[in-house]
Amino acid sequence: MLELDGQRLSLAQVAAVAHGEQQVSLAPAARARVERSRKIVEQIVAEGRTVYDVNTGFGKLSDVHIERSQLRELQLNLVRSHSCGLGSPLSEVEARAMLLLRANVLAEGFSGCRPTLIETLIAMLERGVTPVIPEKGSVGASGDLAPLAHLALSVIGEGEAFYRGERLPGREALSRAGIEPIQLEVKEGIALLNGTQAMVAVGGLALERAERVACLADVAGAMTLEAVRGTPVAFDERIHAARPHPGQIEVAAHLRELLRDSQIRQSHLENDPRVQDAYSLRCMPQVHGAIRDALRHARETVEIETGSATDNPLVFAETGEVLSGGNFHGAPLALAFDYAAIAMTDLMSITERRVDRLVNPDSNEGLPPFLTSHPGAASGFMMMQIVAAALLNEAKVLAHPASIDNVPTDGGKDDHVSMGMTGATKLRSIVDNAELITAIELITAAEGLEYRAPLQPGRGVKQAYEIVRRHITRLTNDRVMSGEIQMMAEAIRAGEFDKVGK
């Protein structure tokens with residue numbers, strides 16, 4: 001059981017809850033903090049003090065005072081008016097991650113809501129009520145207003161939700177799960193809307209997948225190195241100690257382990273006219289390592305955000321103050337997601353070059369043209385490289401940074417926005433393509449290894465080859481490969497290669 005206390009959550013914890021593998025509850029200490037914070041809000045209302053979005057309008061309308069009789073209506077109208085999201089719904093996994101992250105932020109006790117609001121979010125997680133949340137509509141300042149508004153709709157029994165495979169009206173989904181819809185009180189509508197939880201959910205889950213692909217790129221690259229009879233000399237520990245970037249050192253060590261005890265390497269130790277390999281093989285530690293370091297930075301940013309108060313205004317129970325700031329601004333995340341997107345596109349770029357090296361008869365070190373025994377009559381793996389090039393092209397377009405754009409909103413009140421949600425969804429699409437292009441290299445490299453038999457590759461490479469062959473048979477005649485590429489990508493997402501070389 002994961003107790004929510006407003007603490008920093010790891011990407012692994014977020015993913016476990018999002019996939020339904022971990023249950024959550026509200027920590028007693030968090031409940032006490034939330035109750036103290038709520039008393040401050042109730043005291044403000046009782047005294048008639050004017051405080052932003054407790055009894056004022058929102059954004060550009062913050063100078064409009066709201067009468068006490070309209071305070072509930074204010075919060076309800078905020079949720080309804082901001083539910084303007086468009087496009088396909090987030091996946092149920094992503095929407096569940098949003099429920100978790102919002103509950104954890106509210107558990108910090110800075111939002112002035114009642115504990116029952118958090119408990120309702122937790123009950124939705126526990127009982128499988130998942131809000132239908134359109135993915136388009138957030139500019140990532142004042143947080144992810146539109147996506148979070150659609151989440152809030154489900155909480156109050158409006159909008160739509162998924163429940164046991166059905167897409168239902170929100171009230172019906174809650175009813176079937178035995179959950180009472182919330183009637184929003186003062187400050188609770190904005191407590192649900194202000195924050196970065198949509199971009200954290202989408203981008204964070206994409207980052208977790210990206211880190212898996214980045215590690216697997218070492219495996220696929222080592223398979224290619226063996227298939228084209230490359231040398232592991234460039235991975236010597238002394239070379240990387242002389243330039244000690246953490247990721248570079250990690251990748252070089254991983255490659256050495258993957259290639260250990262290779263008979264293929266032993267077969268060309270002597271009388272090999274080649275002095276060194278192409279960069280896509282020789283520089284894997286430098287390139288893959290830099291990508292790991294970029295993703296590590298992005299993960300650190302996201303994990304800090306999981307335990308950060310991103311509401312506005314924030315209620316400080318110790319002093320009774322309610323302070324308006326800008327913690328909802330998604331700039332840290334937007335920049336991190338753009339960095340990760342660029343890194344993953346570079347990973348795809350070096351992967352595509354290795355795929356070409358496997359199939360191209362001008363550079364594949366004696367392997368058959370396009371890895372077919374019947375060149376001309378058969379095309380073999382010719383299209384594998386072409387499809388890889390198409391995937392890479394799409395990623396290059398998507399890698400353009402979203403964070404460098406700015407469109408002022410809310411009548412100029414929100415005059416600088418982050419576009420962090422765009423960065424998150426772009427990153428997700430790039431990771432989709434990265435999984436596919438890595439699947440292509442795994443399948444193609446496994447085919448190349450067939451032509452080095454009976455010589456055996458390194459221990460880790462052999463282990464990866466056997467996983468590929470559990471799903472994909474050797475190519476003896478041309479056949480449709482689309483489904484096989486998808487199947488291999490699914491094996492990647494399922495973590496089947498995670499322990500190779502470790």
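Expressed as a rounded percentage, what relative contact order does the chain have, with Cα pairs under 8 Å and six or more residues apart?
18
Per the 1.4 Å probe, what fraction of the accessible area of region 335-447, in percent, lies on carbon and sulfur atoms?
That share works out to 57 percent.
Which loop-located trypsin sites (Lys or Arg not before Pro) does region 438-486 contain, where loop means any DSSP state but H, G, I, E or B and the Cβ has at most 14 other Cβ atoms within 10 Å?
ARG474, ARG479
Please give me, ordered by residue number, the trypsin sites (Lys or Arg not before Pro) of region 275-372 that lie in loop per DSSP and have at most 10 other Cβ atoms within 10 Å.
none
What number comes out for the charge environment of PRO285, summing +1 per Lys or Arg and -1 per Asp or Glu over other residues with Cβ under 15 Å away?
Summing Lys and Arg as +1 and Asp and Glu as -1 gives -2.
Any idea what the dipole of the chain comes to, in debye rounded to 20, about its Cα centre with Lys/Arg Cβ at +1 and Asp/Glu Cβ at -1?
Here the chain has a charge dipole of around 660 debye.
Accessible area per residue, 1.4 Å probe, Å², for the chain: what's the number?
Spelled out: the 1.4 Å probe surface of the chain, per residue, equals 41 Å².
Just to verify a number: FRET efficiency for ASN406 and ARG8, C-beta to C-beta distance, R0 = 35 Å, to 0.05?
It comes to 0.75.
Taking a threshold of 23 Å on the Cα-Cα distance, which of the pairs LYS187/LYS426; LYS39/LYS413; LYS426/LYS462; LYS462/LYS502; LYS136/LYS413; LYS187/LYS413 fall above it?
Violating the 23 Å Cα-Cα cut-off are LYS187/LYS426; LYS39/LYS413; LYS426/LYS462.
Please identify every one of the GluC sites (Glu not before Pro) in region 30-115 that sits in a loop by DSSP and has no more than 11 other beta carbons within 10 Å of its own beta carbon.
Filter output for region 30-115: GLU67.
Counting each DSSP H run of 4 or more residues in the chain as -39500 (n - 2.57), what helix-only mean residue ellipticity at 222 nm follows after dividing by all residues, to the nearest 500 deg cm²/dmol?
Only helices count here, giving -18000 deg cm²/dmol.
Out of the total accessible area of region 178-276 (probe 1.4 Å, heavy atoms of protein only), what percent is carbon and sulfur?
50
When the accessible area of region 19-106 is computed with all protein chains present and a 1.4 Å probe, what percentage of it is carbon and sulfur?
50
What does DSSP give for the chain in terms of the percent of beta bridges that are antiparallel, rounded to the nearest 5?
Within the chain, antiparallel bridges account for around 75 percent of the total.
Tell me the net charge near GLY307. Cut-off is 14 Å between Cβ atoms, GLY307 excluded, with +1 for each Lys or Arg and -1 for each Asp or Glu.
In short, -3.
How would you order 385-395, 202-212 from highest to lowest mean count of nearby Cβ atoms within 10 Å?
202-212, 385-395
Assign one of three labels to region 115-189, namely rounded, prolate or oblate, based on the Cα gyration tensor with a ≥ b ≥ c the square roots of its eigenvalues; rounded applies when a/c is under 1.5, prolate when it is not and a/b is larger than b/c, and oblate otherwise.
Judged from the Cα gyration tensor, region 115-189 comes out oblate (a/c at least 1.5, b/c at or above a/b).
The values are calculated or read from the model by the stated rules, or taken from the named source; none is laboratory data. A quick note: this is a predicted structure, and the numbers were derived from the prediction, not measured. Don't worry about glycine lacking a Cβ; one is built from the backbone with ideal geometry, like all the others, and counts go over all protein chains shown. Only protein heavy atoms, including side chains, enter the accessible area calculation; ligands, DNA and RNA are left aside. Shrake-Rupley method; radii C 1.70, N 1.55, O 1.52, S 1.80 Å.
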